[in-house]
Amino acid sequence: MLDELRAAIVRGAHVPGEKLRLEHLAPRFGVGRTPLREACCRLAAEGLVTIEDQRGFRVAGISRADLLDLTRTRQQVEPIALRASIQRGDASWEGEVTAALHRLRRAGEAPRRAANLDGRWEREHGRLHAELRAACGSPLLLRFCATLFEQGERYRRLAAAYGQPTRDIDGEHASLVRAALDRDAERACALLVEHIALTTERVLARHPALHP
């Protein structure tokens, strides 16, 4: 249930600022209010939900300043995990990264409407980035990176409602994977920082609530 609620917020099913009414969510998830309240508290710790007085909850708002802060943090933290993963990764890691890139490409080849409806591309996108940093050796760092990535995904998917950007996203991912598998940590980290920046630029340009 926690994962389902998190996914619903990240994909924009619950809009920023929306009150999360436990009495409405409980029947949907088939659980009582107490586990839902605990899930909302967990998501508040992840930055996706805010806690109000009297134990109420709302979906976290969005802002230009928050996105820029998130972007800077991701650009500092995620390369640490990627660099360590490149240094520690073995042949099995290489295979998982290669397979993740292949799945992402296949998802991108599906009809755009179908891919959007079932969220296939988004799931494979997240898996590729997770596999790239998976060998870093730090569970704490991996959890932090996953939280940051999901916050970034929420912004990206909210902005997608206002149009898809013109961008060689397949080329960006392929170059990132190639550098990682070549064990070129400097290039891979530079590409990751640029990849995050390009996403932020397009989100800021498209979502009207984020315009200066």
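The values are calculated or read from the model by the stated rules, or taken from the named source; none is laboratory data. This structure is a prediction, so every number in the text was calculated from the model and none was measured. Here Cβ is always computed from backbone atoms with ideal geometry, including for glycine, and neighbour counts include all displayed protein chains.
Observations, loosely collected:
- Members of region 52-64 found to be surrounded by fewer than 13 Cβ atoms within 10 Å (Cβ to Cβ) and over 18 Å from the mean Cα position of the chain (by Cα), listed by number: Glu52, Asp53, Gln54, Arg55
- Tally, over region 166-200, of residues that are charged (D, E, K, R) and modelled with pLDDT under 95: 3
- Within region 25-84, the residues that satisfy the criterion of being in contact (Cβ under 8 Å) with a residue 60 or more places away in the chain and touching a Lys or Arg at 6+ places or on another chain (Cβ under 6 Å) are Ala81, Leu82.
- Residues in region 1-25 that are surrounded by 17 or more Cβ atoms within 10 Å (Cβ to Cβ) and over 29 Å from Leu140 (Cα atoms): Leu22, Leu25.
- Condition broken by Thr166, with the remaining ones in (1) buried (at least 20 other Cβ atoms within 10 Å of the Cβ); (2) over 15 Å from the mean Cα position of the chain (by Cα); (3) among the hydroxyl-bearing types (Ser, Thr, Tyr) satisfied: (1)
- In the set Leu191, Leu158, only one residue is surrounded by 15 or more Cβ atoms within 10 Å (Cβ to Cβ), closer than 25 Å to Arg103 by Cβ and touching a residue at least 24 places away in the same chain (Cβ under 8 Å); that residue is Leu158.
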